[in-house]
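Below is one structure, written out as structure tokens; the observations come after it.
The values are calculated or read from the model by the stated rules, or taken from the named source; none is laboratory data. None of these values were measured; they are calculated from a predicted model. Backbone-built Cβ (ideal geometry, glycine too); neighbour counts: all protein chains shown.
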Amino acid sequence: MDWKYRSDDCKSVSLHDCDLTECLSEGDGLSLIFEYGFDVCPENPLNETGRHKHTGKAAVALKNGRFLRGTLYISDKEEKPLREEDIGAVELEILDFKRYPDSVFLACDAWRTAYGDCYCQIEFACSDVAFCWNEFTDDAWFQDYDKNLRG
């Protein structure tokens with residue numbers, strides 16, 4: 001896919017509460033597709049708005065990416081594998097994204113699986129990560145969160 005913006009700054013992009021909707025093999029890696037976008041903090045050099053912004057459709061491009069493993073945690077005592085082809089068929093809401101030197105780790109809520117709603121973890125191998133998008137569509141959901149709490 002062609003993207004207007006590409007950022008490798010993991011600290012200034014937030015995937016928290018964003019929906020991972022698809023995993024695509026592309027060229028030399030994988031793209032994790034966020035059909036409804038993700039959030040870019042004002043510290044990101046590609047965000048000149050001074051506000052936390054939400055993107056339109058976006059992706060996390062994993063160079064030399066490959067799926068390593070996924071696990072659905074059905075209960076404290078029951079686990080089921082989550083396969084690469086299940087990504088997109090299961091609704092995944094990102095809770096945490098961690099970048100390591102040669103991999104990325106996702107912790108997610110998995111909604112409406114064959115086992116009901118549960119928690120899952122997914123790991124991908126990769127040599128590099130880029131956050132990609134074309135536009136900002138709105139403020140991030142947390143832009144005025146503190147101000148709204150204070151009234």
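Structural remarks
- Selection of the stretch 18-54 for residues being under 16 Å from Leu92 (Cβ atoms) and out of contact with any strand residue (DSSP E or B) (no Cβ under 6 Å at 6 or more places or on another chain) yields only Glu35.
- Yes/no for Lys57 being over 22 Å from Glu91 (Cα atoms) and modelled with pLDDT of 95 or more: no
- Among the conditions (1) under 25 Å from Asp117 (Cβ atoms); (2) at pLDDT below 95, Ile94 misses just one, which is (2).
- For the stretch 25-39, taking the residues that are in a strand (DSSP E or B) and within 15 Å of Trp3 (Cα to Cα), the one that is modelled with the lowest pLDDT is identified as Glu26.
Every residue, every condition in (1) over 15 Å from the mean Cα position of the chain (by Cα); (2) among the small types (Gly, Ala, Ser), yes or no:
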| site | (1), (2) |
| --- | --- |
| Gly65 | no, yes |
| Arg69 | yes, no |
| Thr113 | yes, no |
| Gly116 | yes, yes |
| Phe142 | yes, no |
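- Any chance Tyr73 is under 26 Å from Tyr119 (Cβ atoms), out of contact with any Phe, Trp or Tyr (no Cβ under 8 Å at 6 or more places or on another chain) and surrounded by fewer than 21 Cβ atoms within 10 Å (Cβ to Cβ): no
- Yes/no for Leu106 being in contact (Cβ under 8 Å) with a residue 60 or more places away in the chain, within 22 Å of Ser12 (Cα to Cα) and crowded, with 21+ Cβ neighbours inside 10 Å: yes
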